[in-house]
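J.: The following block contains the structure, expressed as C-alpha cells.
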Amino acid sequence: MSGFDLQRALERALTDLEPLTRREPGLQRLARELQREERPLDQRKRLLRLAGIVTDRAYVGPTIVHLDVVGVCNLNCIYCRDHSPYLVGRESWRSMEMPLERIKLAVEQGIEIGVERFSMAGAGEPRMHSRFAQIIEYMIERDVEFEIFTNGTLLSEDDLQLLSRAQRLKLYFSISAASERTYKAFRPELGGELLPRIERAISRLAQLRGDAAGPRSVIVHVLCSMNVHELMQFGEQALRTGADELQLKLCEYEPYNQSIMLDRDQLDRVRDALPQLKAELAAHGVTVHDNIDYQLEQIDAETGLFSRELYRQIGCYIGFDLVRVRRDGRIAFCCGLKWVGELERDGLAAHFFGPQMDRLRHAAKRSFVGCNATLPNGDPLLAADCHRCYNYITNRHLQRDLERLDLWEPIVRLVRSDDCGCVAQSATQTAVNRGAE
C-alpha cells in the first residue's frame, strides 16, 4: 500500500475551492491555510475535512474508524441500550465478534486513506473478544492511534502489561459510580467487589506507564438520578486512581429507563457543581471533556433529549469525520444503524469517496434547510434516532472549527442560495418529530 497522498488531496481541494472563492471571498483564508507546509500532518488533514464540508467532496478519509469488534458483555447495566436487563430481544448479529482478519483489513485500508484513529467501541466489552491480545499486538505493531472502551472488570495483569506498551492508546473505563453500593445498584444481578478491581486496573496502568509516553486513561460516568449525588466524588476517584481525563455524559433515555432520568433540580445541581469540579481537576492536570457542557445547555428536561434540534440548527457533518464498521463487515454512515456498504465487497476507499456517501453527506449537511436522503434500504438518513445522536459533540466541534476560520457563515449562505435538488421531506420530518415524543 502506498499510503495517503497528501499532495494530491490538497491539489483537488484547492481546485474545487477556487470557483467558490469568487462567490465567497472569505474562503480564500482556507485556501491559504491548506498551503501552509509548516503545519503538522494531522492539522492539514483536519483542514482538508473542513474543505470537504465547504465543497461537498471528501479529500481525506475520516478522522476515526469505529470498529464494532464484539457484541457480548459480562455486565448488564440498567441504562445500557444493548445489555440492560429490561431490554427484550436482540438481533443475532449483535452477539457476533469481528474476525481479526476483518479488523486488520479495516485498519490497513484506513491507513491508506488517511484515517487517524481507530476505536474499539460499540455494544460489547472488547476484552471478551477471543483474540483480544492479538488485536492489541497488531495495533502496537502498526503504530496507529487507537481507543478501547471497556468496563475494566476483566483486565488481568498480563492485559495491563500489554496495554502499557501501547503508546498511542486511550483507554476509556465506563464506571458510572464512585462507591460500590452505587456500582451494584446499576447491575443488580451481579455479585463480587467489581469497583475496586476497576480502580486498581486504572491505577496499575498509570504505574506501569510512569513518566514515559504511554496509554492515557479516561474515566466515564453516565449521569442519572442513581449516581448524581456522587458527582464531586467522581473527581476524587479520578485523582486517586491516576486517571488522565474524566468524561461525564447524561444518560441516553429510552422507554425502559425513564425512571432514572435526571429532573430539573438535579440538572441544575450538576450545572452549579461542574465549574468547581473542573477547577479542582485542572489543578492536578486532569481534563474534563466538554461534551457535558453541550448536553447541559441543550437538554430538554421533559424528554431527556439533547440533540433533538441540533441538525435543524447546524446540519450534520459526521459523514466527513467517521465511519463505523460492524462486526459482520457492513459499513454505516455514522454510529447509527444506517448501513451503506460492505468492507470486503466495497473497501473503505470506494465506500468513503464514492457517490453514495457523497449523496448522503450532501443531504446531511443541508438538514438545517430541510433536506434529507434515503438510505439503500429505503429508510430516511435523518430520522428519530438522530434525536439521541452519539455524534453531537463531534458535529459541534466541526462547527466550532468552521467558525474559527470564518467559514460557517459562507457555508450557510452557499447552502441557502444553492438549488441543490435535495428534496425536503416534510412527511419524514413529521415522522421524526413524532418518533421522539
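Table: residues versus (1) farther than 17 Å from Tyr183 by Cα; (2) of a type outside the set (Val, Ile, Thr); (3) at pLDDT below 95.
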| site | (1), (2), (3) |
| --- | --- |
| Ala213 | yes, yes, yes |
| Phe234 | no, yes, no |
| Glu245 | yes, yes, no |
| Glu254 | yes, yes, yes |
| Gln258 | yes, yes, yes |
| Arg271 | yes, yes, no |
| Leu274 | yes, yes, no |
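J.: Being crowded, with 20+ Cβ neighbours inside 10 Å, at pLDDT 95 or above and within 21 Å of the chain's Cα centre (by Cα): is that true of Gly124 here?
T.: In short, no.
J.: Something else about it: Inside the range 8-42, can you point out the residues that are free of Cβ contacts under 8 Å to residues at least 60 places away in the same chain and of a type in the set (Lys, Arg)? Spell out how you get there, then give the answer.
T.: Our first condition is that a residue be free of Cβ contacts under 8 Å to residues at least 60 places away in the same chain; within the range 8-42, this holds for 8, 10-19, 21-22, 25, 28, 31-32, 34-41.
Once the filter is applied, which keeps residues that are free of Cβ contacts under 8 Å to residues at least 60 places away in the same chain and of a type in the set (Lys, Arg), the range 8-42 yields Arg8, Arg12, Arg22, Arg32, Arg36, Arg39.
J.: Going through the range 280-308 one residue at a time, which ones are assigned to a helix (DSSP H, G or I) and either among the hydroxyl-bearing types (Ser, Thr, Tyr) or touching a Pro at 6+ places or on another chain (Cβ under 8 Å) (or both)?
T.: Listed by number, the list holds a single entry, Tyr294.
J.: Just checking, how many residues over the range 253-279 are crowded, with 19+ Cβ neighbours inside 10 Å and not in a helix (DSSP H, G or I)?
T.: 2
J.: I need a count of the residues in the range 113-147 that are touching a Ser or Thr at 6+ places or on another chain (Cβ under 8 Å) and either β-branched (Val, Ile, Thr) or closer than 17 Å to Val218 by Cβ (or both).
T.: Within the range 113-147, the subset touching a Ser or Thr at 6+ places or on another chain (Cβ under 8 Å) is 115-117, 125-127, 146-147.
Checking which are either β-branched (Val, Ile, Thr) or closer than 17 Å to Val218 by Cβ (or both) leaves us with 115, 117, 125-127, 146-147.
Of the residues in that region, 7 qualify.
J.: Okay, moving on. Tell me the residue from Ser176, Ser119 that is among the hydroxyl-bearing types (Ser, Thr, Tyr) and either farther than 22 Å from Leu239 by Cβ or in a helix (DSSP H, G or I) (or both), please.
T.: Details: Ser176 fails: either farther than 22 Å from Leu239 by Cβ or in a helix (DSSP H, G or I) (or both).
Being among the hydroxyl-bearing types (Ser, Thr, Tyr) and either farther than 22 Å from Leu239 by Cβ or in a helix (DSSP H, G or I) (or both) holds for just one of Ser176, Ser119, which is Ser119.
J.: Another question, then. When residues of the range 309-357 are filtered for being closer than 29 Å to Gly370 by Cβ, in a loop (DSSP other than H, G, I, E, B) and over 16 Å from the mean Cα position of the chain (by Cα), how many remain?
T.: Residues meeting the conditions: 4.
J.: Related question: Scan (1) outside any strand (DSSP E or B); (2) touching a residue at least 60 places away in the same chain (Cβ under 8 Å); (3) under 28 Å from Phe118 (Cβ atoms) for the single condition Pro188 breaks and write down its number.
T.: Exception for Pro188: condition (3).
The values are calculated or read from the model by the stated rules, or taken from the named source; none is laboratory data. Computed from a prediction, not measured in an experiment: that's the story for all the values here. Every residue, glycine as well, gets a Cβ built from its backbone with ideal geometry; the counts of neighbours run over all protein chains shown.
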